[in-house]
Amino acid sequence: MNIQAEKLEIIKMILKTDNPGCLYSIKDMLSNNTENDFWETLPQYQKDDIINGLKDIEDGDFVDYEDFIKKHR
């Protein structure tokens, strides 16, 4: 499906809905789409935690998901 067909499909779905929460969410998402990168909205402590987590992964300092789950089953 091409981008124009996708847009038309979304428009049809919007026109069919009576859910104001859904409409407000769509409006908010489209209004903010070009304004902010989510990263810029994060507080510094969250950015620091993410950066530290990525560094841990690069350093091999993590637990494999399957190994973690085995311990908790």
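Values in this text are rule-based calculations from the coordinates and carry no lab data. What you see is a predicted model; the values in this text were computed from it and never measured. Please note: Cβ atoms are built from the backbone with ideal geometry, for glycine as well, and neighbour counts cover all protein chains shown.
Which residue, chosen from Leu23, Gln46, Phe68, occupies the Cα position most advanced towards the positive end of the dipole of the chain, where the dipole is computed from +1 (Lys, Arg) and -1 (Asp, Glu) charges on Cβ about the Cα centre?
Checked the options; the winner is Leu23.
Need the full-extension length gain, Ser25 to Ile57, defined as separation in residues times 0.36 nm minus the C-alpha distance. One decimal, nm.
On the way: separation 32, 0.36 × 32 = 11.52 nm, distance 3.40 nm.
Value of the extension gain: 8.1 nm.
When averaged across all projection directions, what area in nm² does the alpha-carbon convex hull of the chain cover?
Details: hull surface 38.9 nm².
One quarter of the hull surface, i.e. the mean projection, equals 9.7 nm².
Kindly provide the GluC sites (Glu not before Pro) of region 9-67 that DSSP labels as loop, not H, G, I, E or B, and whose Cβ sees at most 12 other Cβ atoms within 10 Å.
Values: sites: Glu9, Glu35, Glu40, Glu58, Glu66; in loops: Glu35.
Answer in residue order: Glu35.
With r defined as the distance between the Cβ atoms of Lys47 and Thr17 and R0 fixed at 35 Å, what FRET efficiency is calculated, to the nearest 0.05?
Numbers: r = 35 Å, r/R0 = 1.01.
Approximately 0.50, to the nearest 0.05.
For the chain, what number of Lys pairs, 8 or more residues apart or on separate chains, have alpha-carbon atoms under 21 Å from each other?
On the way: Lys7/Lys16; Lys7/Lys27; Lys12/Lys27; Lys16/Lys27; Lys47/Lys55.
So the count of such lysine pairs works out to 5.
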